[in-house]
Amino acid sequence: MSRLALVLSLAVTGAVVGMPSVADACGNSVRRVVDRTQEYVQKAELLLAKGQYKKAISTVRDAFGDRAIASHQGGSGLVLHGRAQRILALAVARSGGDIPIGMDLGGAAQSRKDAAIAWAGLALRLQGGVAPTPAQTAELAEALSRQASGRAEAYGLLKELGDGDLIPNAQGWALLAELSKQRGDVEGSKKAAERCRQIGAPGVQCDVAEQA
Amino acid sequence: MSCGTGTEDPVDVPPPVPAAPVVALEPAADPAAVARGQALIDRFECVRCHDIPGREPASLEKHCVRCHQDILRGAFPAPPETLREWQGHITHLTDVPALRGLERLRRGWLAAWLRAPHDLRPGLNSTMPRLSLGTDEAADLAAALIPEPELAAPAPGDPARGRELLGDKSCTLCHRFTGVANIAPAPKLPVPLDEAQLQRGLAQAPDLRFTRERMRPAALVAWLLDPPRHKPGTPMPTIPLTDADARAIAAYISDATLEPLPTPKPVARLPILERQVRWPEVEAKVFKKTCWHCHSDPDYARGDGGPGNSGGFGFAPRRLDLASYPGIASGSVGDDGKRRSVFAPLPDGTPRIIAHMLARHLEVEGGAPEQRGMPLGLTPVPLADIQLVDTWIAQGRPQ
């Protein structure tokens, strides 16, 4: 699946370069162009944090269109592009790939869901590079855990972070609890669920692992 | 002709001049040390805070003072309402001394002070930060900043007269002189000063207690006679003094008996609170107040994330982001290049991040604790606010 995602990523890279963003649409008249891309990205990040994945994706697409799916093509805006791509990838991972993000990724069909999740994992892995932060690692683990073939790696990544008390949020602890339970590590699962509960993040289901 | 000195033959004999203490004069600095020190000025990014002759100041987004000065006078490129908000927040790093005329200072003192800086200028609410530099590096930096040899000391002056002059010339209006009996400044300044110069003088005036170890004796007398000649732009005005006056003031500053410094107060870690403390409270009261200026994520902030994230002032990049919950939970990069939790307990059980904040209190008290005090060179985080963070950590860092 990751090979498919790689192909998809490379394919869309060439296809979407140069598509206009909201800030570019100023017509031919002489007027001041105000780049509001950052506002869109910030808004989408808040929506993502609230679990409003459809709106988050829509907001990113308003500003970037399909460009957020492709690799950045150089020039300015590298950071904002990376943030936009992260939002899409996490929205895909957390929604299970249900929501279309463009370029035939995501939607009701299982193949589109699978392709979107594979793309999300690849995008997050590329963003982390060779020295990912714990936040990037935990987010990659979220995406990997959505694929049967990625769960072992997701567990390994989170276990290492958890052993160093470096899981950056309640979602990460909840996922570690779930993955630990699946591997038969009941004690580890309980500890991770307890850390999740201590953080007490609204909307995060810490007890999922114990029900799994 | 008589050479007697008896009462029957009074002769106006000047009092004997006490012999000056024999102190080895500092020679010119070793050129190799000067060269190494010049490279260290770059490495420690001294121009991010200080003006240094012959060197370009740091760019605005990296300058620890000019950015604040521009905001305060409304010249920083930001919307007016943002500027007004920021102006209400800025209390630190609005003025720092320029590194000009340093040949008046003792090279040996500067090297020792750079290693363990103490509060030299009580009117400033920030101090020289404790940088990550060894003894040799400190000596090389001092050599680069003070390459000149020391000149021979002048004849000593009259210390009693010097004490009078410190009051008469209103020196003690700006300068503290801890360790000696209070000297009241004269009600009228000996020279006119505009408000801005007076305010800068009040802020930058060093505590005279440290002058005897800090300044070269000959340079001290020369400085007193005409400070701007030695350091253009200094807020210290040229006060009309005779050579004897200057030597008298220098003698008192150098020889007055000093009360010992107060014993450093122990820094008490306050107990864990009973009530719950969540992230928004510690974020607002501690991390988003000061810490995130140097520890933020470059992808989510102006600039490079600050020296506490991407490195600077000679510090390696620690990749520490204190601007968000996931950021702080992601820890920092240790000397071994691996990520470590900032909440992990040190051998005495204190979480690392708490130890750094408590260390700043110890530094202000005159100590040089193993952990570097944070915030670096700034006013310590109040103990009650450290208690909040400590409680938040003990409760499992609820979000």
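Brief remarks on what is shown
- Value of D in µm² per second that Stokes-Einstein yields for region B:159-255, Kirkwood Rh from Cα pairs, at 20 °C (1.002 mPa s): 160
- Among the residues of A:153-164, the average count of other protein chain beta-carbon atoms within 10 Å of the residue beta-carbon is 1.
- Gain on full extension, evaluated as 0.36 nm per residue between B:A32 and B:D226 minus their Cα-Cα distance, stands at 66.6 nm.
- Remark on B:M215: its backbone amide H falls under 5 Å from those of B:R106, a criterion applied only to residues 5 or more positions apart or on other chains, H modelled at 1.01 Å from N.
- Charged-residue dipole, Cβ positions (Lys, Arg, Asp, Glu), the protein assembly as shown about Cα centre, Debye nearest 20: 2040
- For the pair B:E370 and A:E160, a Förster radius of 22 Å applied to the C-beta separation gives a FRET efficiency near 0.20, rounded to the nearest 0.05.
- Stretch gain in nm, segment B:D70-B:L151, where the contour uses 0.36 nm per residue and the Cα spacing is subtracted: 25.2 nm
- 18 Å cut-off, amide nitrogen to a point 7 angstrom out along B:L273 Cα→Cβ, residues in region B:376-398: B:381-398
- When the alpha carbon gyration tensor of the protein assembly as shown is reduced to an equivalent ellipsoid, its three semi-axes come out at 61, 27, 21 angstrom, largest first.
- Cα long-axis angle, helix B:243-255 against chain B (0 to 90 degrees, to the nearest 10): 50
- Per-residue packing, averaged as other Cβ atoms within 10 Å, sorts the ranges A:197-206, A:170-179, B:198-207, B:260-269 into the order A:170-179, B:198-207, A:197-206, B:260-269, beginning with the highest.
- Dimensions of region A:132-212 based on its C-alpha atoms, expressed as ranges along the principal axes with the largest first, amount to 25, 25, 22 Å.
- Take each residue in B:322-331, count the other chain C-beta atoms within 10 Å of its C-beta, and the mean is 6.
- Estimated vicinal HN-Hα couplings, Hz - region B:323-329 in sequence order (Karplus 6.51, -1.76, 1.60; Gly, Pro = x): 9, 8, 4, x, x, 5, 6
- Rg and Dmax of region B:296-368, both derived from C-alpha coordinates alone, stand at 13.2, 37 Å.
- Mean residue ellipticity at 222 nm, helices only, chain B: -9500 deg cm²/dmol; runs of at least 4 DSSP H residues each add -39,500 (n - 2.57), and the sum is divided by the number of residues.
- With Cα atoms, 0 to 90° folded angle of helix B:352-364 axis to chain B main axis: 10
- Efficiency of FRET from Cβ geometry, B:T263 and B:L25, R₀ 30 Å, rounded to 0.05: 0.30
- Computed from backbone phi, the HN-Hα couplings of region B:229-239 come to 5, 8, 9, x, x, 5, x, 6, x, 7, 9 Hz, rounded to whole numbers (Karplus: 6.51 cos²θ - 1.76 cosθ + 1.60, θ = phi - 60°; Gly and Pro given as x).
- Set of lysines near A:K43 by C-alpha distance (under 22 Å), chain-local residues within fewer than 8 positions excluded: A:K54, A:K55, B:K288
- Distance between the modelled labels on B:H89 and A:E187, one decimal in nanometres: 4.6 nm (7 Å Cα→Cβ projection).
- Nearest 10 degrees, 0 to 90: helix B:383-394 Cα axis against chain B principal axis: 30
- Furthest towards positive pole of dipole, B:N182, B:G157, B:L133, structure part region B:119-243, Cβ charges: B:N182
- Here the gap between B:S132 and B:A116, fully extended at 0.36 nm per residue and compared with their Cα-Cα distance, gives a gain of 4.7 nm.
- When the Cα positions of B:H89, B:F313, B:I328 are compared along the charge dipole of the protein assembly as shown, B:I328 comes out farthest toward the positive end, with charges on each C-beta of Lys, Arg, Asp and Glu.
- Förster radius 56 Å - calculated FRET efficiency between B:A78 and A:S111, Cβ distance, rounded to 0.05: 0.70
- Along each principal axis, taking the top coordinate minus the bottom one, the Cα set of chain B gives 96, 46, 44 Å in descending order.
Quick note: the coordinates plus some simple rules give every number you see, no bench work behind them. Please read these numbers as outputs of a predicted model, since none were measured by experiment. Because the Cβ atoms are built from the backbone with ideal geometry, glycine has one as well, and the counts that use them run over all protein chains shown.
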